[in-house]
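Read the figures in this text as sums done on the coordinates, not as results from a lab. It should be emphasised that the depicted structure is a prediction, and the values quoted were computed from it without experimental measurement. Note: ideal-geometry Cβ built from the backbone for every residue, glycine included; neighbour counts use all protein chains shown.
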Amino acid sequence: MLFALKNLNYGYLIKMLKQINFSINLKKPEVIIFDADNTLYSYELPNLKAENAVKLFVEKKFRIDSNLFYLTYRKAKKEIKAQLGKTASSHSRLLYFQRLFEILGFKVNLKIILEMEEIFWRTYLKNAFLYPGIRELLADIKKREISTAIVTDLTSNIQMRKLIHFNLQDAFDAFVTSEEVGADKPNPKIFKLLLKKLDLTKKSYMWMVGDNPKTDIIGGKNIGAVTFQRIEENNKESKGKYRPDFTFTDFNDIRGFF
Ligand SMILES: [Mg+2]
C-alpha cells in the first residue's frame with residue numbers, strides 16, 4: 001500500500017511539467033534564459049520581512065506608527081513608479097525611502113535613507129532561499145553544454161548581490177539587467193542585448209523560464225523562445241497572449257527533460 005502511494009506521488013510530481021502548447025516539440029536548446037526574482041527564489045517573504053525591518057527602524061527613530069509607515073511607503077512607491085515608468089530605478093528602494101521622507105515632510109537625511117536601504121536588502125537576502133532543484137538543474141544544463149543566462153529587472157548592483165548570496169555568481173554565461181538598457185522587460189532592448197552577448201540571433205533555439213506573464217512570457221515569445229512559467233498558488237497559469245508553452249511548479253520537473 002505504502003509502495004503504491006509512493007509511486008503515485010512520484011508520478012504526480014513528474015507530470016507537473018505541463019505542456020500547454022502542443023505544437024511544440026521540445027528539443028535541447030542553445031540557451032536557457034532565466035528570470036531571477038520569484039523564479040529562482042520566492043520574492044514575497046523576503047520582501048515582507050525587509051519592509052518590516054525598515055518599518056521597525058523608522059518607527060523607533062522617528063516615532064511613526066506602523067500604519068503611517070506602510071501608507072506612506074505605498075504612496076512613495078506609486079509616485080516613483082509613475083515618475084520613472086518601466087525602468088530599473090522604478091524599483092529602487094533607495095528612491096522609495098527618500099520619497100517617503102519627503103511625503104512625511106521630514107528633512108531628508110541622506111545617511112538614514114542609505115541605512116534604510118541597507119537594512120532592507122540585508123534583511124531581504126537573509127530571508128531569500130533558492131527553490132529546490134535549481135542548482136541541480138543548472139549542473140545538468142552545464143553537462144549538456146547549453147548556455148545559461150539571467151535577464152532581470154532592477155539595478156545591477158542588487159541583482160548581482162542576490163546571485164552572489166545564492167552562490168550562483170559563476171553559474172550563468174550571461175547576465176543582463178534592465179539598468180543596462182534603460183528599460184524593463186518585455187522591452188526588446190534587454191533581450192537584444194542578451195542575444196548580442198551570447199552571439200545568438202532570434203533564429204537560435206532558446207528557452208525562457210520565468211514567473212511573470214507580462215514580462216518573461218511575452219518577452220520570451222517575442223524572441224521566439226519556448227516559454228516556461230513557474231506557477232504556484234499565487235501565480236496561476238496565464239492565458240491568451242500571455243499563455244506559456246509549458247508550466248512547472250518544481251525545477252526538478254524541468255530536470256526530467258535532461
Ligand atoms: Mg520574476
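Things worth noting here:
- Under the Karplus curve 6.51 cos²θ - 1.76 cosθ + 1.60, θ = phi - 60°, whole-Hz ³J(HN,Hα) for segment 185-200, x wherever Gly or Pro sits: 4, x, 3, x, 4, 5, 6, 4, 5, 4, 4, 4, 4, 9, 6, 10
- Normalised by the number of residues in segment 107-244, the average gap of Cα pairs under 8 Å and 6 or more apart makes the relative contact order 15 percent.
- Test item: Cα-centred dipole of segment 169-258, Lys/Arg +1 and Asp/Glu -1 on Cβ, debye: 600 debye
- Note on segment 22-70: Rg/Rh from C-alpha atoms, Kirkwood Rh, equals 1.40.
- Pairs of alpha carbons in segment 44-126 whose separation is greater than 16 Å (percent): 49 percent
- For segment 44-126, the dipole from Cβ point charges (+1 on Lys and Arg, -1 on Asp and Glu) about the Cα centre works out to 60 debye, to the nearest 20.
- Here the relative contact order of the chain, from alpha carbon pairs under 8 Å that lie six or more residues apart, stands at 27 percent.
- Summing charges over neighbours of T155, with a neighbour being any other residue whose Cβ is under 13 Å away from its Cβ, gives -3 when K and R count +1 and D and E count -1.
- The residues packed around L168, meaning those with a beta-carbon under 9 Å from its beta-carbon, carry a net charge of +1 if Lys and Arg are +1 and Asp and Glu are -1.
- Signed unit charges on C-beta, dipole axis of the chain, positive-most listed residue I119, V226, I164: V226
- Placing +1 on the Cβ of every Lys and Arg and -1 on the Cβ of every Asp and Glu, with nothing else charged, gives the chain a dipole about its Cα centre of roughly 400 debye.
- For segment 44-126, relative contact order (Cα pairs under 8 Å, six or more residues apart, normalised by length) works out to 41 percent.
- Environment charge of T72, counting only residues whose C-beta is closer than 13 Å and scoring Lys/Arg +1, Asp/Glu -1: +1
- Using distinct alpha-carbon pairs, which all enter the 1/r mean, Kirkwood radius of segment 92-201 in Å: 16.2 Å
- Zero-based 5 Å bins, Cα pair distances in segment 151-258, whole percents: 2, 12, 19, 22, 24, 16, 4, 0
- Along segment 26-39 the Karplus relation, 6.51 cos²θ - 1.76 cosθ + 1.60 evaluated at θ = phi - 60°, assigns HN-Hα couplings of 5, 10, 5, x, 7, 8, 10, 9, 10, 6, 9, 5, 6, 10 Hz to successive residues, with x for each Gly and Pro.
- Across the alpha-carbon atoms of the chain, the computed radius of gyration and Dmax are 20.2, 69 angstrom.
- Along segment 203-218 the Karplus relation, 6.51 cos²θ - 1.76 cosθ + 1.60 evaluated at θ = phi - 60°, assigns HN-Hα couplings of 7, 5, 8, 10, 10, 10, 10, x, 9, 9, x, 7, 10, 6, 6, 4 Hz to successive residues, with x for each Gly and Pro.
- Sequence-distant residues sharing a close amide H with T227 (under 5 Å, placed H): M208, D245, F246
- Per-peptide average of other Cβ atoms within 10 Å, ordering 233-245, 216-228 highest first: 216-228, 233-245
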